[in-house]
1. Counting just the residues of the range 79-100 that are open to solvent by 40 Å² or more (accessible area, probe 1.4 Å), in contact with a helix residue (DSSP H, G or I) (Cβ under 7 Å, 6 or more places away or on another chain) and not aromatic (Phe, Trp, Tyr), which one comes out farthest from Tyr31 (Cα to Cα)?
2. May I ask you to list the residues in the range 241-260 that are over 21 Å from Asn285 (Cα atoms), within 26 Å of the chain's Cα centre (by Cα) and not β-branched (Val, Ile, Thr)?
3. Name the residues in the range 261-311 that are touching a Phe, Trp or Tyr at 6+ places or on another chain (Cβ under 9 Å), of a type outside the set (A, V, I, L, M) and not in a loop (DSSP other than H, G, I, E, B), would you?
4. Within the range 142-229, considering only helices (runs of 4 or more DSSP H) that don't extend past its boundaries, which have at least 3 residues that are open to solvent by 60 Å² or more (accessible area, probe 1.4 Å) and modelled with pLDDT under 85?
5. Could you list, in sequence order, the residues of the range 17-45 that are open to solvent by 50 Å² or more (accessible area, probe 1.4 Å), touching a helix residue (DSSP H, G or I) at 6+ places or on another chain (Cβ under 8 Å) and at pLDDT 75 or above?
6. So Lys116 fits all but one of (1) open to solvent by less than 70 Å² (accessible area, probe 1.4 Å); (2) closer than 16 Å to Ser164 by Cα; what number is the exception?
7. Only residues in the range 51-65 that are in contact (Cβ under 8 Å) with a residue 40 or more places away in the chain count as the first member; pair them with residues that are open to solvent by 40 Å² or more (accessible area, probe 1.4 Å) and aliphatic (A, V, I, L, M), Cβ under 8 angstrom, at least 6 apart or cross-chain, and list the lot.
8. Quick one: would you say Leu94 is assigned to a helix (DSSP H, G or I), of a type in the set (A, V, I, L, M) and at pLDDT 85 or above?
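The values are calculated or read from the model by the stated rules, or taken from the named source; none is laboratory data. These numbers were taken from a predicted model, which means no experiment stands behind them. A quick note on method: Cβ atoms are made from the backbone with ideal geometry, for glycine too, and the neighbour counts reach across all protein chains shown. Surface accessibility is based on the protein's heavy atoms, side chains included, excluding ligands, DNA and RNA. Shrake-Rupley method; radii C 1.70, N 1.55, O 1.52, S 1.80 Å.
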Amino acid sequence: MNNDSIIVQSDLDTKQERYYFSCGMALNALYTGDEVRLLKMLEASFDVKLTCRENQLTITGSASSIKKATRFFDALSHLGKLRNEPAEKRDIELLLKTFTLPDGPQLDELWKGRIKLGNGKKDILPRSRSQLTYLNLMRNKDVVFGVGPAGTGKTYLAMAMAVSNFLSGNVSKIVLTRPARESGERIGYLPGSMEDKVSPYLRPLYDALYEMIPAKDAQDLIQRGMIEIAPLGFMRGRTLNNAFIILDEAQNTTVDQMLMFLTRMGFGSRCLITGDPSQSDLQRNEPSGLLHAVNHLQKLPEIGFSFFTTKDVVRNSLLEKIILAYTEKDNSPKENIASPQEK
């Protein structure tokens, strides 16, 4: 990741340095998005002024700011070499995470933890240390809980791991399920057939699946029963062998429902449970199956627990601020999860 940097101007507070991308590459060959917007975003992130011309960048700012910006462009070049294709906006956001978090993992560390999907799809990289820990738990534990706020990648990474294991032959089936109950509604009051009633609740799982497997191929696998997407109530009485099973939106399960789900796992199967306790739609007098499971199963070494915070949000950066704003205003008493560090 060497580059030729030349200091062309300097005063007491401001310096100017030329940065040349390795191998004569230009910025527009390393990034597929809007170059002007990218430069503005990076200027705000590193507190520098950037001027781009072919394979050359002029970076103006303090010595420390220039150093951070230079390290970022080194990392961008390195990512381009690893992937052998231009970066997308999500890649830029990933790299910025590694620079803004004080304990952020290095790019090579994230690259080693990536999920390989094949079929011409990009490898999926974890974007934070918490995500990296989450993936490692999924690789080494048969049952894993991913708990935390929206936007932290809990469901997306679980889906990616399920697809990767299925395509590589480690499991013969993917089962995706959610409680068909949200915002105080019960499906019995909704119009249409049972399929019509549950479809809106399962839509996010279809969306994630189609991003990783072409829709036509996914539909074929669903028709053949190799991928199953169903409401949680349909799991009762079954034993699922050699399957990758994901329970999403687990904050909306009761204690009995959670126990029912966990006991569906047969030989050669893995279970992933994801949920955000702050978005529970249970009635006030209904204990949370997710919170109950987390607080009672942490003593079992075979089960992994990954706890996310707002710092791990990987969607629009505004989402983290929104979640924090709601958290600060919400003073209502709630049952809390005790993480291993707090026990």
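1. Among those residues, the one meeting the criterion is Leu82.
2. Asn242, Ala243, Phe244, Leu247, Asp248
3. Scanning the range 261-311 gives Arg270, Cys271, Thr274, Gly275, Ser278, Gly289, Gly304, Phe305, Ser306, Phe307.
4. Here the list reads 194-212.
5. Once the filter is applied, which keeps residues that are open to solvent by 50 Å² or more (accessible area, probe 1.4 Å), touching a helix residue (DSSP H, G or I) at 6+ places or on another chain (Cβ under 8 Å) and at pLDDT 75 or above, the range 17-45 yields Asn28, Glu35, Met41, Ser45.
6. Failing condition for Lys116: (1).
7. Between residues of the range 51-65 that are in contact (Cβ under 8 Å) with a residue 40 or more places away in the chain and residues that are open to solvent by 40 Å² or more (accessible area, probe 1.4 Å) and aliphatic (A, V, I, L, M), the close pairs are Thr58/Val8.
8. No: the conditions fail for Leu94.
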